[in-house]
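The values are calculated or read from the model by the stated rules, or taken from the named source; none is laboratory data. All of these numbers come straight from a predicted model, not from anything done at the bench. Please note: Cβ atoms are built from the backbone with ideal geometry, for glycine as well, and neighbour counts cover all protein chains shown. Calculation scope for accessible area: heavy atoms of the full protein, side chains included, ligands and nucleic acids excluded. Shrake-Rupley method; radii C 1.70, N 1.55, O 1.52, S 1.80 Å.
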Amino acid sequence: MDTLTRIRAFIDVVDAEGFSAAARRVGRSKALLSKYVRELEDELGALLLNRTTRQFSLTEAGHTYYRTASEILKEIDNLADLVRANNSDLKGRLRITAPRTFVDAEIGQSLIDFGKQHPELSLEIISDDRFVDLVEEGFDVAIRITRLEDSTLIARKLDDFQVLICAAPDFLEKIGPIAHPTDLSKVPCILDTNGRSYSNWRFVEPDGSSFTVPVSGPIEVNSPLASVRAAVSGIGVALVPDFIARPKVATGELVTLFDDFLPRDRGIYAIYPHRRYLPAKVRTLVDYLHTWFRKPR
């Protein structure tokens, strides 16, 4: 049995967090995977896994070997993808992480449309609001809504992004005029705990300088969709992504405030690790999303 097969077995076991789960995932017996891992350890002369009857853990050598071997296997798979791309042959699994806000909104349809167009690919879409480590956690692509910062990762902009300050017309009539963003500190606001600004909302003056306004209110929730529902109900003022709020703005259920004071330095990006050989499946996904966001919606 070749070393590459043994390495794949070891990585499968670590990724699945157990021999039984790995066996179910890859369609091989638990005994066979155990045999491959044991042979790999014999070949290396080092223990990679601490095993008990109920669980296992990586040894220090195992951690080091897993990180490096995972990268090597990715490069091998990526090279194979590159060759297959010449034949327009896309196969395998594509792991994508994206914020829940993106996945649950209408723009999340972009990933579904891609999956429908490429049934030969197996998509694993993980909705997670934290910034995951793509390399460490084995993701191929991340969708991020952010201000672009220096990174060892490669980013391609898919679309512009901004937040909107919005409230129900009845609510605004009840509390009276709000003349300036600083007045928001005196009115009930709905706080999205997922947002970086959270309880200090950021604004930009006409000269480009920025300032923050501390806000508070009766509801804190980690969902912009729930924030919109609360705003429509007249509970307070909400700061939410434009693609979440605009349908309610279009129907008149919400109106926007202080559009000229809102920052416009963020975007929606597809981000992926730098690799010598960019996998065809990654390139195809990113190209598809770039085109999808330019279609009228």
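Couple of notes before you dig in:
- Surface composition of segment 210-256: carbon plus sulfur atoms hold 54% of the accessible area, using a 1.4 angstrom probe and ignoring ligands, DNA and RNA.
- Derived scalar couplings ³J(HN,Hα) [segment 128-143; Karplus, 6.51 cos²θ - 1.76 cosθ + 1.60; whole Hz; x for Gly, Pro]: 8, 8, 7, 7, 6, 8, 4, 5, 5, 9, x, 8, 7, 9, 10, 9
- Percentage, to the nearest whole number, of Cα pairs in segment 106-243 over 27 Å apart: 35
- Net charge dipole, segment 93-230: roughly 160 debye, given to the nearest 20, about the Cα centre with Cβ charges of +1 for Lys and Arg and -1 for Asp and Glu.
- Relative contact order of the chain, defined on C-alpha pairs under 8 angstrom at six or more residues apart (%): 22
- Percent accessible area from carbon and sulfur atoms, segment 150-202, protein chains only, probe 1.4 Å: 48
- Between the amide H of Asp159 and those of Ile268, distances stay under 5 Å, these residues lying 5 or more places away or on another chain, with hydrogens modeled in the peptide plane.
- Two-decimal Rg/Rh across the chain, once Rg and the Kirkwood Rh are taken from alpha-carbon atoms: 1.08
- The simple Förster model, with R0 at 30 Å and r as the Cβ-Cβ distance, assigns Arg264 and Gln117 a FRET efficiency of 0.40.
- Carbon/sulfur fraction of accessible area - segment 27-67, other protein chains in place, 1.4 Å, %: 50
- Of the peptides 94-105, 129-140, the ranking by mean beta-carbon count within 10 Å, highest at the top, reads 94-105, 129-140.
- If R0 is taken as 51 Å, the Cβ-Cβ distance between Ala31 and Ala179 corresponds to a FRET efficiency of 0.10.
- For segment 218-297, the normalised intensity computed at q = 0.10, 0.13, 0.14, 0.26 Å⁻¹ comes to -0.41, -0.62, -0.68, -1.26 (log10 of I(q)/I(0), Debye sum over alpha carbons, equal scatterers, no solvent).
- Among beta bridges from DSSP that stay inside the chain, the antiparallel ones total about 65%.
- Rounded to whole Hz, the Karplus (6.51, -1.76, 1.60) HN-Hα couplings of segment 106-111, x for glycine and proline: 4, 5, x, 4, 4, 6
- Entries of Lys35/Lys116; Lys30/Lys74; Lys74/Lys295; Lys35/Lys281 with Cα pairs more than 27 Å apart: Lys35/Lys116; Lys74/Lys295; Lys35/Lys281
- Counting only protein heavy atoms and a 1.4 Å probe, the chain has 53 square angstrom of accessible area per residue.
- From phi via Karplus (6.51, -1.76, 1.60), per-residue ³J(HN,Hα) for segment 26-31 in Hz, x at Gly/Pro: 9, x, 10, 6, 4, 5
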